[in-house]
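Below: one structure, written as structure tokens.
What follows draws every value from the coordinates through simple rules; no lab data is involved. Since we're looking at a predicted model, the values are computed, not measured. Neighbour counts are summed over all protein chains in view; Cβ atoms, including those assigned to glycine, are modelled from backbone coordinates with ideal geometry.
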Amino acid sequence: MITDKLTICRLDFGERDIASAWLTSARLARKGNAIHQSFNAVLHASQLGDESATIEHARLLWKEGHHRKAIQSLQGAIENNAFISHDKTFQATSFTGAEKPDQQNLLTARAHLLYAKWLDSAGQTHSTALRTQYQLAAKTHVAWEKGHYYLGRHYNKLLESEKALPPEQQNEALLTGETAKLVIENYFRALSYGTKYIYQTLPRILTLWLDLGTQVQHPIEAKYGSTKEFVGRITNLRKANLDNVHLRFKKYTQKLPAYMFYTALPQIVARIAHSNVDVWKYLQQMIFNVMQTYPQQALWGLLAVCTSNQSDRKTRGSMVLQNLSSPKNQNGPWGDIRPMIRNGQKITEQLLWACNAGEFQGNRTIWASLTRDLNFNPKVCMPSQLAVPAESVLTASLPTLTDNLRTHKAFSRDIVTITSFLDEVMILSSLQKPRKLTARGSDGRNYGLMCKPKDDLRKDQRLMEFNSMINRSLKRDADSSRRQLYIKTYAVTPLNEECGIIEWVDGLKTLRDILLSLYKTIGVAPNYNEIALYCEEAAKSVDKLPFFTEKVLGNFPPMFHRWFVAQFPEPSTWFAARLRYTRSCAVMSMVGTILGLGDRHGENILFEEGNGGTFHVDFNCLFDKGLTFVKPERVPFRLTHNMIDAMGMYGYEGPFRKSSELTLKLLRQHEETLMTILEAFVYDPTLDLLARDPKKKKKEGSAAPQTAQGVLDTIQRKVRGLLTGESVPLGVEGQVDELIKQATNQTFLASMYIGWCSFF
């Protein structure tokens, strides 16, 4: 009896299962740079007769730098039909509606794709053959997201290289939107089989489609050709391609689950005023589907449009709301959402009152009453069914590889809603007098919300999306994940173009407050007028630099390390906090440099009191806008003597430099994704990113980019390691070294405006 039980309980692994386990070990060892262990595991899998060991062996050869050998090995395996035993009869149903049984082989598809990628990177074949190879990978296993994604990516590369050519050399496929259509088609196919590449594909689909919609409405520029026959043909083909793209949108907006479009909702809503009527029809459909499925989370974005100061945006937003409120549309996943819409309108109205009401003078933090001082009437809008505007509540979860795409639940069943607001409000001392409100959630917890008047928070919102993408890349990379590199993010909810809500993060202290209190203990207080005169003198020439290094810095010795000692008295927590500070500081320094983020004064850099992590706020000064100031910002990021002091005895030579190199390496690896997201961001017509005084720019002769394309080109140059005015790119280590030199250059620091406090 006992023997029988043992037989039943024993797990019976076949040779294929064991070989698969060996290959998983090989892959993990390869990614962790344990090459010897990886080779050993591949040999074991090969001995057990697993054909996919050939692919892993070729990957190892490639990693070791034997590129030609790796390509030959893979080519030989494909030609010999090495993976034929993995053939499966596959019913291609997915979201696409195609239902034909076919011989599918994922292993062969993987081999084809890898072969195509290597040929591409080695530059060993011409474009047509390469395209065929990518197409082969997508056809060999039609239900494989990766195959379709890389085929679309190849078309996107062709599109970008065509765009870079002079007008007379550009082909018709680009002008007519044919190449854009091919990118959109393949990216949509990828989305119908998975969400691994959703942040690369969906923003690009939307950008290309919206651009094509705009092009159709505008006449062809004379630089491309001016004959009547040419103009007529191109115009007709553009319209035909746009119609074709719309057929795809019609199919996929119905088939794809709403959470996919929710991930790109800010980008979709931003283009709500698109001038093309057909484009607007599909935009409206997308917004409608998302709103109907996730009204508690998504309504915040739509209500902001309905309170817009721009009449066309306001009209379009109201049309979507009207459509949602129609009695015939109350049978969606949520049911009747009309009460929620009415409540959302009232709460938005009240929050806008709270943002703008009250006259508060002085430069210190004061307390006020929400109802008496800010005219907020909780009776008209509380309790609310809208989700609390906090990151943990508003972020949709994406399915894992094993989850079903259609049935996946993007949000928890128990959404945290707003039940009430506390009457006590903190009015901060900053110029615009932002107000900290406290919302009571349906889970019984309090959520801090900072209402910011006279500030367009849409930039901040999109930058948080960008930072979330960086975080995902940092988590996936073995080296950065081991070091727990991250950027602290938080929810940003615009209410209109001038007001919005920022999620309040507790337990933060500004760099300025920390240093002022530390200098107070030794009886030092800054005399800003005197310091400004010394700095001005020091910036004139190298000989006069001692005015800054001795007379200014001499009075402000580095003190920041003391905060870590006082805050974390236990040695191991002190060491962990210091390490966290150094690494998080490095990540944001590199990302900030690439984005041209300026205005990093002591109020915009904060520190987490619980773990020492760095926290950045206020992203208004983007894309090298700091170069247009009266006193241009010449330092790429903040690395003053106090910042270095807190990093320990090695200063920036230890974890700071290593983490900076890892972050920059990742940004280079993900250049394409990075540029895709930024493109959607920069070309967003609502963000007016380059609204600067043209006269001022001209007078200053600033090096800041002045067009959207100029911004993208500058960012791309930085990612590739090209310094201003240089034509030879630097390696990752060289670029980090140069940036650190610039950030610590005493002349640059002395010439910063006084409010930046380069002596802190």
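Relative contact order of the chain: 8 percent, from C-alpha pairs under 8 Å at least 6 residues apart in sequence.
Taking other residues whose beta carbon is less than 11 angstrom from the beta carbon of P655, and scoring Lys, Arg as +1 and Asp, Glu as -1, yields +4. For the chain, the longest principal axis of the Cα atoms and the long axis of helix 127-140 meet at an angle of about 80 degrees.
Under the classification rounded if a/c is under 1.5, otherwise prolate if a/b is larger than b/c and oblate if not, where does segment 508-756 fall, given a ≥ b ≥ c as square roots of the Cα gyration tensor eigenvalues? All intermediate terms of the calculation are to be shown ahead of the outcome.
Values: a/c = 1.75, a/b = 1.26, b/c = 1.39.
It is oblate, given that a/c is not under 1.5 and a/b is not larger than b/c.
Rounded, prolate or oblate: which fits segment 15-82 when a ≥ b ≥ c are the square roots of the eigenvalues of the alpha-carbon gyration tensor, with rounded for a/c under 1.5 and prolate only if a/b beats b/c? Oblate, because a/c is 1.5 or more while a/b does not exceed b/c. Positive contributions from Lys and Arg (+1) and negative ones from Asp and Glu (-1), summed over other residues with Cβ under 9 Å from the Cβ of V505, come out at -2.
By the scheme Lys and Arg +1, Asp and Glu -1, what is the net charge of all other residues having a beta-carbon under 12 Å from that of F748?
Details: positive: K631, R634, R638, K741; negative: E633.
That sum, taken over residues with Cβ under 12 Å, equals +3.
The angle between the Cα long axis of helix 145-163 and the longest principal axis of the Cα atoms of the chain comes to about 70 degrees, rounded to the nearest 10. The angle between the Cα long axis of helix 338-356 and the longest principal axis of the Cα atoms of the chain comes to about 30 degrees, rounded to the nearest 10.
Please find the FRET efficiency linking D278 to N377, where r is the Cβ-Cβ separation and R0 is fixed at 35 Å, and quote it to the nearest 0.05. Working shown, then result.
Details: r = 43 Å, r/R0 = 1.21.
So the FRET efficiency works out to roughly 0.25.
Find the centroid of the Cα atoms in segment 610-664 and in segment 267-342, then give the distance between the two in whole Å. Taking the Cα centre of segment 267-342 as reference, the centre of segment 610-664 is 40 Å away.
Mean separation of Cα pairs under 8 Å and 6 or more residues apart, divided by the residue count, gives segment 434-519 a relative contact order of 33 percent. Helical runs assigned H by DSSP (4 residues or longer) give the chain a calculated mean residue ellipticity at 222 nm of -16500 deg cm²/dmol, each run adding -39500 (n - 2.57) before division by the residue total.
Relative to one another, the C-alpha centroids of segment 136-176 and segment 18-44 are positioned 34 Å apart.
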